Each structure stands twice: as structure tokens, then as C-alpha cells.
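The structure appears right after this line, and notes come after that.
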Amino acid sequence: MALIKTSSKIVHPIIKTSKSVNGTFFYGGYIFATGNEIAKICGEPNILYDDKVTYEWELEVDEIPFTIYDYREIHSPNMSTRLYYHVGAFNREDTKKILEVFKKYGFKTTTFNELIGINN
């Protein structure tokens, strides 16, 4: 479990989830990092090696289940490759909350609209 400490309180634990993540969707949220950086906070990923995803984490924060995954990378990424990992969630609001938590951990986060120059 990864924790952020604020004063003497612990907030925003990111944990492996036992909740279903089936039906999560990419709502345009990205975490720009290496797999190793994500693993330091979230633990080791599931290694899939299918035609779309190599590494995926099934997690939750504040009881919100979500996934982080590399999607259709041109090359075969390894855990030290820095790239835009997709965030899968059940809705846009959850995606925003997840990105905010990762920002607090010091990660660079962005959205699809920001990447293409649209500010919403």
C-alpha cells in the first residue's frame, strides 16, 4: 500500500483492488512515467503481453477502482520506458480524482485534450 502523509494523518492509499475493473474505460487520463516509477507506488503490475497491453495495474484509491496500462505502444515497452500510461475508470469524474491523487505523489499527469491543445 502506498500512502501520502499529511501532518500526522495518512490520506489517499493506493491499493491493489479486489473489486471488479471490468467495464472501466479510458476517459482521456494519462500518467507520464516509467513502469518502475508506478511500481514503487502501486506494486508490481500484471504482465499481460497481449496485442494491446503489456503492463496493467488493477488498483483503487478512496474506494474508486481503476486500471493503469500501456495501450498499443509501437515498441515493446519495458519497465524503464517512460510513456503515457492510460488510466481506466468508470467515469470522467473518477478519472479526474485519480489523476489528482497521482499528482500529489509527484507524477506528471495530463489528459488527451491537453495533449492535443484543447483546454476543457
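Points worth noting:
- Of all residues in segment 69-92, exactly one satisfies the criterion of being at pLDDT 85 or above, aliphatic (A, V, I, L, M) and assigned to a loop (DSSP other than H, G, I, E, B), namely MET79.
- Boolean, GLU37 is in a loop (DSSP other than H, G, I, E, B), on the phi < 0 side of the Ramachandran plot and over 10 Å from the mean Cα position of the chain (by Cα): no
- Check on THR81, hydroxyl-bearing (Ser, Thr, Tyr) and farther than 21 Å from ASN46 by Cβ: no
- Among the criteria (1) surrounded by 13 or more Cβ atoms within 10 Å (Cβ to Cβ); (2) part of a helix (DSSP H, G or I); (3) free of Cβ contacts under 8 Å to residues at least 24 places away in the same chain; (4) among the charged types (D, E, K, R), the one GLU56 does not fulfil is (2).
- One residue stands out among those in segment 93-120 that are at pLDDT 90 or above and β-branched (Val, Ile, Thr): the one that is surrounded by the fewest Cβ atoms within 10 Å (Cβ to Cβ), which is THR110.
- For beta carbons closer than 9 Å, sequence separation of 6+ or different chains, a first residue in segment 93-116 that is without any contact (Cβ under 8 Å) to a residue 60 or more places away in the chain and a second that is outside any helix (DSSP H, G or I) and surrounded by fewer than 12 Cβ atoms within 10 Å (Cβ to Cβ), the qualifying pairs are GLU114/ASN120.
The values are calculated or read from the model by the stated rules, or taken from the named source; none is laboratory data. Since we're looking at a predicted model, the values are computed, not measured. Please note: Cβ atoms are built from the backbone with ideal geometry, for glycine as well, and neighbour counts cover all protein chains shown.
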